[in-house]
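Step one of this worksheet: look at the structure below.
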Amino acid sequence: MKRLFYLIILLLYADSIIAQNISGKIVGTDDKGKKEVLPGANVYWQGTNIGTTTDLDGKFQIANPDTIPSQLIVSMMGFLNDTISVTQPNQTVDVVLKNSVTLTAVEVSEKQSTTLNKLFTPINTEVISGKELLKAACCNLSESFSTNASVDVAFTDAVSGAKKIQMLGLDGVYTQILSENMPMLRGLSAAYGINYIPGTWIENILVTKGTGSVVNGYESISGQINLEFLKPQEQKNRVFINVYGNQKGRAEANLHLAKKINTKLSTMLFSHASSNTMKQDMNKDGFLDMPLTQQYNVFNRWDFHNQKNFEAQFGIKGLYETRQGGQTNFVYAPERDSSNNYGIGINTKSLEYFSKTGFMFPSKPYKSVGIQTSGKWQEQDMYFGLRDYKGVQKNFYANVIYANIINNTNHKYKLGASYLLDDYNEKFNDTAFARTESVPGVFAEYTYSNPEKISLVAGVRADYHNIHGMFYTPRLHLRWNATKKTTFRLSGGRGFRTSNVFVENQSVFASSRQIVMNEKLNPEIAWNYGVSANQQFKLFDHEAFINVDFFRTDFENQVIVDLDQHVNKVVFYNLKGESYSHSLQVDMGLEPIESFAVKLAYKWYDVKTTYNYELMDKPYVPKHRVMVNLAYATYMEKWKFDFTTNWLGQSRIPSTVLSPVEYQLPKKSKEYFLLNAQITKKFRKFETYLGCENILNYTQKNPIVASENPFGPNFDASMIYAPVEGRVIYVGLRMEIK
């Protein structure tokens with residue numbers, strides 16, 4: 001058994017990035033020679049049923065053939081087929097399809113498709129392209145989902161300016177956020193991490209509902225969000241500049257520099273600077289609507305490919321941010337007491353690295369070994385009024401992966417081992433907390449793939465937590481294509497995570513509530529089950545789709561954040577009873593006229609948790625949501641117009657019956673609309689954009705309870721369900737230099 005264990009540790013799977021694949025890009029030409037990327041093009045090996053389709057940027061990856069040389073067929077309606085002879089494994093193939101005489105209209109129907117549901121993958125994944133992110137200001141990841149129905153963005157409190165994501169009606173801590181298939185935002189990053197990722201750095205966002213692959217870890221419960229950053233070897237422009245500003249004093253700048261050192265080595269430097277220096281108090285409650293901020297963010301990555309049997313990626317990131325909010329007259333002083341104005345301050349520093357290496361076997365192109373590692377140091381100092389918090393996290397992650405086939409490429413398997421180390425040192429007021437989590441684990445995953453009909457991914461992992469012992473994570477995904485246009489999926493699996501109650505619930509710091517924790521908090525464990533159906537069809541002579549999915553999440557244990565037990569307390573305890581989430585989403589995409597894309601979505605949530613032995617709706621989760629996104633582009637995309645409407649229904653507000661009458665809140669929130677719009681004008685060497693967020697200027701009335709007495713017993717800035725910042729008008733410029 002020891003020898004077998006060591007063999008698994010030493011071999012192990014290479015992630016999809018480590019080139020066990022043929023990759024490339026497909027473009028088409030019209031009768032005038034103009035080139036356009038072709039999303040949805042078919043790519044398959046001649047004489048087999050092994051194939052794939054291109055993504056929104058015309059890119060594809062397909063497993064190396066069993067024999068070399070082999071013929072790769074590329075086809076797309078409206079274009080002439082092409083056959084490419086592949087003479088070596090891991091080859092990069094770029095194909096230009098010529099326009100056919102009889103079918104020229106199809107190309108237009110693909111132009112506006114900036115999101116894509118992968119029909120031929122077993123795991124239900126939605127791809128949000130970089131072009132989709134440009135439909136809004138998209139200054140950071142928290143603002144990247146305004147035109148996407150699968151991910152919700154919520155507000156944490158009325159003073160810090162922070163936002164959080166939600167999936168399937170559950171907080172973002174139950175969604176695993178990955179950076180190119182490696183765990184990214186976790187621990188101290190959970191509260192504000194999505195604000196630290198500039199949108200211009202992102203190439204694609206892959207959104208998976210429900211449990212993901214066991215290869216990526218055990219923490220995914222409600223979904224996975226995998227960020228694909230821009231790659232240096234793929235950049236045609238060596239310089240990219242983006243600047244942004246709005247009428248409320250927020251300014252941002254992003255600069256990308258790409259350099260191809262030689263045929264094997266390339267690098268890219270990302271830099272970001274932003275600030276908000278203008279004090280705003282639109283509702284005249286004496287508190288800043290948004291905190292004053294400064295952020296500096298740098299990321300340098302390197303890619304090495306020897307085009308034979310080895311490749312590597314590595315990089316380093318650094319971040320520094322300060323936030324200061326609270327009452328408009330607050331001035332920071334080292335010694336704070338109730339005679340001062342109420343203020344908040346959040347200072348964050350972090351430094352991290354990552355590396356990914358892959359080893360291929362040219363004689364067996366389906367076989368590979370890969371190693372992923374990352375490390376992070378983060379320090380976060382905060383104060384909310386008279387409350388102080390300081391946390392330091394040191395993290396190390398390693399994943400070793402081995403990939404191979406059983407008989408043929410229809411049957412693949414992955415074996416691997418991972419190791420996760422988290423060292424926390426926290427101090428809340430005068431109480432210190434320290435813990436070290438050490439989690440080694442092994443996993444196995446089998447994939448059966450028949451691209452035209454059915455595919456299955458079954459995986460299991462076993463991990464040993466030094467505090468909580470051994471736990472197991474099984475997961476299953478099944479995809480069936482009833483027709484070329486109809487896809488059904490089933491999924492199910494288990495997730496496990498340890499909570500960090502201070503950083504994950506910082507909103508309660510912005511109140512006078514007493515924090516009560518009367519028992520040891522156990523790990524959170526949940527099962528997630530899902531079913532979905534996707535139908536593509538023709539409407540108005542253009543491609544359209546409708547997608548329906550339903551997910552249920554059942555918690556075996558959950559850390560309960562109880563705001564109902566007492567209006568002056570927040571009580572943390574382990575689940576005693578039921579806790580579940582039901583999520584139903586119906587979305588549709590169509591193109592009623594040429595170059596005019598419409599996306600419609602409706603979501604229904606039923607999220608209930610047992611609070612103090614009573615099953616109740618989870619606070620601040622609207623039962624009903626509707627989204628409408630309209631996008632129109634003129635010829636050659638000289639002008640682009642985007643408009644998004646979000647309607648949010650009522651949600652439950654925690655009980656305030658024990659508060660004085662003047663501070664009591666209604667049981668339900670108000671329903672409201674959020675409207676955003678943007679116009680983009682493209683010039684020869686740059687483009688400009690003008691937009692408006694929250695067009696109706698809707699804000700929550702009196703978002704801070706007892707704002708006139710912030711050090712009193714009834715002060716609470718965490719009872720928030722709607723924006724506190726009103727209408728925002730912004731302008732920006734993007735420029736690329738070859």
Quiz prompt | Cα-based Rg of the range 494-560 normalised by 2.2 N^0.38 Å, two decimals | solution = 1.89
Self-check item: Relative contact order %, the chain, counting alpha carbon pairs below 8 Å whose residues are six or more apart
Solution: 11
Practice problem: Report the calculated FRET efficiency for residue 617 and residue 265 (r = Cβ-Cβ distance, R0 = 51 Å), to the nearest 0.05. | Solution: 0.40
Quiz item: So for the chain: antiparallel DSSP bridges make up what percent, rounded to the nearest 5?
Solution: 95
Quiz item: If you work out P(r) over Cα pairs in 10 Å bins from 0, in percent from the coordinates, which of (1) 2, 11, 17, 20, 19, 15, 9, 5, 2, 0, 0; (2) 3, 14, 25, 27, 20, 9, 3, 0, 0; (3) 3, 12, 18, 19, 16, 11, 7, 4, 2, 2, 2, 1, 1, 1, 1, 0, 0, 0 do you get?
Solution: (2)
Quiz item: Which of the peptides 340-351, 385-396 is most tightly packed, and how do the rest follow, judged by the mean count of other Cβ atoms within 10 Å per residue?
Solution: 340-351, 385-396
Quiz item: So what's the back-of-envelope 222 nm ellipticity for the chain, counting only DSSP H runs of four-plus at -39500 (n - 2.57) apiece and dividing by all residues, rounded to 500?
Solution: -500 deg cm²/dmol
Quiz item: Can you give the FRET efficiency for residue 673 and residue 593, using 1/(1 + (r/R0)^6), R0 = 30 Å, r = Cβ-Cβ distance, to the nearest 0.05?
Solution: 0.75
Quiz item: In the range 184-288, what is the volume of the convex hull around the alpha carbon atoms, normalised per residue and reported in Å³?
Solution: 168
Exercise. Calculate, in nm to one decimal, what residue 650 and residue 388 gain on full extension: separation in residues at 0.36 nm each, minus their alpha carbon distance.
Key: 90.9 nm
Quiz prompt | Ordering of 202-210, 218-226, 483-491 by burial proxy (mean other Cβ atoms within 10 Å per residue, highest first) | solution = 218-226, 202-210, 483-491
Quiz item: With each pseudo-label sitting 7 Å past Cα toward Cβ, what's the residue 308-residue 557 distance in nm, one decimal?
Solution: 5.2
Quiz item: Sorted by packing (mean other beta-carbon atoms within 10 Å per residue), highest first, where do 401-411, 154-164 land?
Solution: 154-164, 401-411
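No lab work stands behind these numbers, since they all come straight from the coordinates. Quantities reported herein were computed from a predicted structural model and do not represent experimental measurements. Here the Cβ is made from the backbone with ideal geometry for all residues, glycine too, and neighbour counts use every protein chain on show.
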